[in-house]
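Derivation of every value follows stated rules applied to the coordinates shown; laboratory data play no part. Remember, it's a predicted structure, so these values are computed and weren't measured experimentally. Backbone-built Cβ (ideal geometry, glycine too); neighbour counts: all protein chains shown.
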Amino acid sequence: MRMKTKWMTPIVAVTIAMALFGMASCNSSSLANHEAQQVNNEVEQAQPEVQTYRTAFVPTESTPDFVDAAEASVNAVVHIKTTIIQKGASYNDFFGAFLEQLYGPQTNTMVAYGSGVVISPDGYIVTNNHVVEGANEVEVTFNNRVVSQAVIVGTDPSSDLALVKVEGEGLDYLKFGDSDKVKVGEWVLAVGNPFNLTSTVTAGIVSAKARNIGILGEGSNVESFIQTDAAVNRGNSGGALVNTRGELVGINAAIASHTGSYEGYSFAIPSNIVRKVVDDLLMYGENQRAYIGIYPQEMNASLAENAGMRDIKGVYVAGVTNGGAAQKAGIQIGDVVTRINGTEVNTTTQLLEVVNQYRPGDKVDVDIIRNGRERSYTMALLNESGSTDVVKKGDAFFNSSMGLMLQPISKQEMNNLRINGGLKIVEIRQGVFQGAGVEGYIITAVNGKSVTSKNDLEAALNSNRGRKTYIEGVYPNGMRMNFEYYN
């Protein structure tokens, strides 16, 4: 959940003082008893001098020292302020523009805050998608109070990641660590801007890995969080999770809480997934999702017995996708996947985390157990369409007869709106739609014909022999509306 401020009375110092006082009383009592015993036994022995210590923290060899990691992180973690301008209800009305000319624009302005992590010296910053989603303006404040305006390079709602860019050079940044090597019990730091407090560092341990907490919704979204007990609150979203070496091992994304504030459970997106999504957004403008082509199921004692296994481990193959990577490689229903490229997978979440570090076309070695015997297969991962092609963000095009710049909608938009495709109006340049308030409107059909591409649209317009053109579609908020106009 997204991170109400509740200030707690500091009680730690009192507790420590009482503990120290209790220890001193215990020592004095033991010394008195010891002296009495010496007198009774008439034994002369020099008493050890009582040592006193300052209560300042001094790290020892067995105590983790977070100073270097904190210093390396605070200057690379930024405060993000987003401004979201919401159009009034009349904006989604075909005649809304004319009404706004009479009564003025009806808008609401919302301001939200979060964190981000600088990952390159020239100003690329990774954050959560929910931090910048729908933002009209993105403002970044560095630890030295320098403020810069940022542009959104790309977003991936399926992993809740986004990439923004500020102008700069020689900026402090964090290097990626290997999240696969992070161990449960390992010390980590959470760095961010909770409650609008800048540059806050908290410490904790890794409590669990490959957690699926169901915050991104169903469908093709990827959840495989690193769970920690480092304090994370509202405003930490998009901040850094670093190891004691100052390496970025996760992007803080959520907390589990009954109150809206930290209760001991925080979750971060593993850095290996972050790095891959960032690279995809830079190179292709869209995350390149790879699919293994199986219907995974959690293992239990009954399934393990059926597979001829003594131990309950791996992920059960409950089904395979026709023409998918697994089927092409020879994997069958009833097999148990135990490793992918040498990484053990014992839950469906672990399996998805590993697969989503690769792209369509990448070859991976998959170890399975079939009828009690181990086997190994090499497969080429495929995209959602069943090919190894790179899926690039749809290029916008101009239709002169409508006077519109249009763009094919993304898979995520299709899933959110439950439609099979369409063309989004990204710019109105001329013609009947000028001043009609239809920017963002998604055209799903023209003259009764579905349109998902430039060719579809041109064919549907050319097939019209009447004087009217009939348009069907939906706004991004889910409101369906149809239009017609004379040619």
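Just want the ordering: T202, T343, from fewest to most Cβ atoms lying within 10 Å of their own Cβ.
Fewest-to-most ranking of T202, T343: T343, T202.
Could you work out how much longer the chain between N136 and E484 gets when fully extended? Use 0.36 nm per residue separation minus the Cα distance between them, nm to one decimal.
Length gained between N136 and E484: 122.2 nm.
Does the stretch 66-287 come out rounded, prolate or oblate by the C-alpha gyration tensor, with a ≥ b ≥ c the root eigenvalues, rounded set by a/c under 1.5 and, if not, prolate when a/b is larger than b/c and oblate if not?
prolate
Near Q357, within a Cβ-to-Cβ distance under 12 Å, what is the net charge of the other residues, with Lys and Arg +1 and Asp and Glu -1?
With Lys, Arg at +1 and Asp, Glu at -1, the net is -2.
Going through the stretch 160-215, which trypsin sites (Lys or Arg not before Pro) have at most 10 other Cβ atoms within 10 Å and a DSSP loop state?
When the trypsin sites (Lys or Arg not before Pro) of the stretch 160-215 are filtered for loop state and at most 10 Cβ neighbours within 10 Å, K183 remain.
Once you wrap a convex hull around the alpha carbon atoms of the stretch 294-380, what is its projected area averaged over all directions, in nm²?
Result: a mean projected hull area of 4.8 nm².
Sequence-distant or interchain residues sharing an amide H contact under 5 Å with E137, placed H: which?
Residues meeting the criterion, in which the H sits 1.01 Å from N, are T83.
Could you line up V446, V188 from fewest to most neighbouring Cβ atoms inside 10 Å? If you can, show how the numbers build up before the last one.
Working: V446 23, V188 26.
Fewest-to-most ranking of V446, V188: V446, V188.
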